[in-house]
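The values are calculated or read from the model by the stated rules, or taken from the named source; none is laboratory data. Model, not experiment: these values are computed from the prediction. Here the Cβ positions follow ideal geometry from the backbone for every residue, glycine too, while neighbour counts run over all protein chains shown.
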Amino acid sequence: MVSLTFRAVLLISKILFFIFLSGCASQGRSYDGFSPISRVYNDDFENVWRAAQLALQKYPMRVNNIDKGLLETDWVKGYEIWVPPVKPKVKAAGARYKIILRAIKGKSQGESAIKVSLQKKIEKKRDFFAEVETPPSDGLEESAILYRIGREIQIDHALQMAQEKMNN
């Protein structure tokens, strides 16, 4: 009787282990650091574009093309613009990055939908003779920029509603 109970407990524990293991694996896609992070905004293209420009206004701009839906920053050296709040501020010699934002017009359920994707390209060089390394991004800065774009859109809508109330 004791060996049957032990076998049953062992079998149940193995089954639960495989269930938990498969549950963790199917939680979602992890970010690889090289692919773009994207979000869809249900608003007019011009409003989303203006919000994206406001979110990236502190960065040095290299390309600002509304017709192509492309915003690209110039190379930012080290961590001059943004440092994750969980990491100490460290000046990395030979490190630089740029952010590429693409906005694509579309429709979702009959409404205007704009997909904004951000990609952060990082380059590190140890010295003059070393090859350029391209480490992956942690995705924090891209997520923060997408959040700022969404907040700028919300602020714009709130200001429009306040203006309409004042006019009535």
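Ala103 passes every criterion in (1) part of a loop (DSSP other than H, G, I, E, B); (2) in contact (Cβ under 8 Å) with a residue 24 or more places away in the chain; (3) within 15 Å of the chain's Cα centre (by Cα) apart from (1).
With respect to Ala113, is the statement that it is surrounded by fewer than 18 Cβ atoms within 10 Å (Cβ to Cβ), modelled with pLDDT of 90 or more and closer than 20 Å to Tyr147 by Cβ true? Criteria met by Ala113.
Of all residues in the range 116-129, exactly one satisfies the criterion of being surrounded by 15 or more Cβ atoms within 10 Å (Cβ to Cβ) and over 20 Å from the mean Cα position of the chain (by Cα), namely Lys124.
Return the residues of the range 133-168 that are over 24 Å from the mean Cα position of the chain (by Cα) and not polar (S, T, N, Q); say none if nothing qualifies. The answer is Ala158, Leu159, Met161, Ala162, Glu164, Lys165, Met166. Looking at Glu123, Glu141, Glu131, Glu152, just one residue is assigned to a helix (DSSP H, G or I), touching a Lys or Arg at 6+ places or on another chain (Cβ under 9 Å), closer than 18 Å to Trp75 by Cα and not hydroxyl-bearing (Ser, Thr, Tyr), and that residue is Glu141. Taking the range 131-167 as the range and being touching a helix residue (DSSP H, G or I) at 6+ places or on another chain (Cβ under 9 Å) and of a type in the set (Asp, Glu) as the test, the residues that pass are Glu152, Asp156.
Looking at the range 40-97, which of the residues that are modelled with pLDDT under 95, of a type in the set (Lys, Arg) and assigned to a strand (DSSP E or B) is surrounded by the most Cβ atoms within 10 Å (Cβ to Cβ)? Taking the candidates together, the pick is Arg96.
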